[in-house]
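Here the structure comes first, spelled out in structure tokens, and everything after it is commentary.
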Amino acid sequence: MKIVDVETYPVGAGWKNWLFVRVLTDDGWHGIGEATLNGFTRACEAAVHELEHLVLGSDPRQVRAIAAALYERVSNEGGHVHRAAIAGIEEACWDILGKSLGVSVHQLLGGRVRETVDCYANGWYRTERTPDSFAAAASAAMGQGFRALKFDPLGTAHGFLAPGELAASRAIIAAVREATGPGVRLMIDLHARLAPAEAVALIEACSDLDVFWWEEPATRQREEPTSAVAARTKGRIATGENCHSVGQFLTLAKSGGVSIYQPEPMSLGGILPTAAVAQIAAADGAWIAPHQSGGPVATVVCLQLASFVENFLIQEYFDPFNEPWTASLVTWTPVLDQRTGQLSLPDGPGLGVDLDLDVALAHPYDPHASLDVTAPGWERRLGHQARATPTAGDGR
């Protein structure tokens, strides 16, 4: 079995673009993966095709050798774009290997350790940045069966909160807590925008609101400031989505204080490096909660990890809050248990999902679709709908 082609399918999904990768073999097998990176869709697509010569003619079932070639043979560290391109191809090769053997990917990696997994909703607060609006959206998400919710209450804050903004952010969190009651986990995403001292001030000001974790409280430039925040507060700290190497998680472990690692499989290069992060976390007494704000193939990749990784805490789940048509992009989606708030896990051959090419091609890349948390009203995730309508005399 040899790889004969690598195809890419960029999809405009409203507020964000997704990039899917399809690897084809000479005997009719194909596998899919995802290489989404917000703001870099075309760059990732180009990277996939610049790297494909390294795998053409290779046996896709030799996943480790292919992943190593994609990383080592360019003799340079290409950061997130490089790792995303590797992830798309690596995941597709796992898919082919599983399909060719008639087993799910998690079976190839040791078998299932759980039947379902906890999840939390994200993207549910596509609304105005007010306590009442967030509370209403939280109630609606709970009505869908979610028992954990993540959100960012900061608006466009950066560095230090403007006068009155700490109180405004706390009011939003308090309103959501009142709407959900004590039986729902709340996670607060700070999107790496606050100075460490300001993050500590906000966390301490909300100490009575039972926040389960505070995500990315400090800069993404280095890992140590996040550990410093963890050392200065009693709040649980989660981080890792912006790491593009396994070694960065080793730095987190050495710095201490962070017990929830959030590896993003697409940013790390796929399933193998994410599993390696889980091992580092386990050695540090920590758990993983993979980041996932991409498309439905990336969701399934995370659920494959949830199937076999013992120290897997909870999975981020955006899919129900994306555009309705996106559910038809793939042949399998998880079921959310209305009683427990848990997701079902894939059990079909390979990744357990396939891509509907007609749907993908019907929703092409949108140059206006990306998340920008510096833009007022970003919480609504309007994407292409946020384009300004040209008016006479505006020079456009």
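Ala201: touching a Leu at 6+ places or on another chain (Cβ under 8 Å), assigned to a helix (DSSP H, G or I) and at pLDDT 95 or above, yes or no? Judged against the criteria, Ala201 is a match. Taken over the stretch 59-115, the criterion of being buried (at least 17 other Cβ atoms within 10 Å of the Cβ) and hydroxyl-bearing (Ser, Thr, Tyr) is satisfied by Tyr71, Ser100, Ser104. Selection of the stretch 309-322 for residues being more than 14 Å from the chain's Cα centre (by Cα) and either buried (at least 24 other Cβ atoms within 10 Å of the Cβ) or over 19 Å from Leu149 (Cα atoms) (or both) yields Val309, Glu310, Asn311. Any chance the stretch 300-308 includes a residue that's open to solvent by 10 Å² or more (accessible area, probe 1.4 Å) and in a strand (DSSP E or B)? No, the stretch 300-308 contains no residue that is open to solvent by 10 Å² or more (accessible area, probe 1.4 Å) and in a strand (DSSP E or B). A count restricted to the stretch 234-271 and to residues that are of a type in the set (A, V, I, L, M), within 16 Å of the chain's Cα centre (by Cα) and outside any helix (DSSP H, G or I) stands at 2. Condition first: hydrophobic (A, V, I, L, M, F, W, C), under 19 Å from the mean Cα position of the chain (by Cα) and open to solvent by 20 Å² or more (accessible area, probe 1.4 Å). Now tell me which residues in the stretch 272-283 satisfy that. Leu272, Ala275, Ala276 - these are the residues of the stretch 272-283 that are hydrophobic (A, V, I, L, M, F, W, C), under 19 Å from the mean Cα position of the chain (by Cα) and open to solvent by 20 Å² or more (accessible area, probe 1.4 Å). Checked against the criterion of being under 30 Å from His82 (Cβ atoms), open to solvent by 30 Å² or more (accessible area, probe 1.4 Å) and among the acidic types (Asp, Glu), the candidates Glu204, Glu224 yield just one match: Glu224. Met1 passes every criterion in (1) part of a loop (DSSP other than H, G, I, E, B); (2) modelled with pLDDT of 95 or more; (3) open to solvent by 60 Å² or more (accessible area, probe 1.4 Å); (4) not basic (Lys, Arg) apart from (3). Within the stretch 241-271, the set of residues being out of contact with any Pro (no Cβ under 9 Å at 6 or more places or on another chain), under 22 Å from Ala65 (Cβ atoms) and either surrounded by fewer than 18 Cβ atoms within 10 Å (Cβ to Cβ) or among the aliphatic types (A, V, I, L, M) (or both) comprises Gly247, Met266, Leu268. Selection of the stretch 16-26 for residues being open to solvent by 10 Å² or more (accessible area, probe 1.4 Å) and in contact with a His (Cβ under 8 Å, 6 or more places away or on another chain) yields Arg22, Leu24. Kindly indicate whether any position in the stretch 165-177 is assigned to a loop (DSSP other than H, G, I, E, B), over 24 Å from the mean Cα position of the chain (by Cα), without any contact (Cβ under 8 Å) to a residue 60 or more places away in the chain and surrounded by 16 or more Cβ atoms within 10 Å (Cβ to Cβ). Within the stretch 165-177, not a single residue is assigned to a loop (DSSP other than H, G, I, E, B), over 24 Å from the mean Cα position of the chain (by Cα), without any contact (Cβ under 8 Å) to a residue 60 or more places away in the chain and surrounded by 16 or more Cβ atoms within 10 Å (Cβ to Cβ).
Quick check, is Gly39 touching a residue at least 24 places away in the same chain (Cβ under 8 Å), touching a Lys or Arg at 6+ places or on another chain (Cβ under 6 Å), in a loop (DSSP other than H, G, I, E, B) and surrounded by fewer than 18 Cβ atoms within 10 Å (Cβ to Cβ)?
No; evaluated as a whole, the condition is false for this residue.
The values are calculated or read from the model by the stated rules, or taken from the named source; none is laboratory data. Everything numeric in this text was worked out from a predicted model, so none of it was measured. Cβ sites come from the backbone with ideal geometry, for glycine too, and all protein chains shown count toward neighbours. Quick note on the areas: whole protein, heavy atoms, side chains included, nothing else; ligands and nucleic acids left out. Shrake-Rupley method; radii C 1.70, N 1.55, O 1.52, S 1.80 Å.
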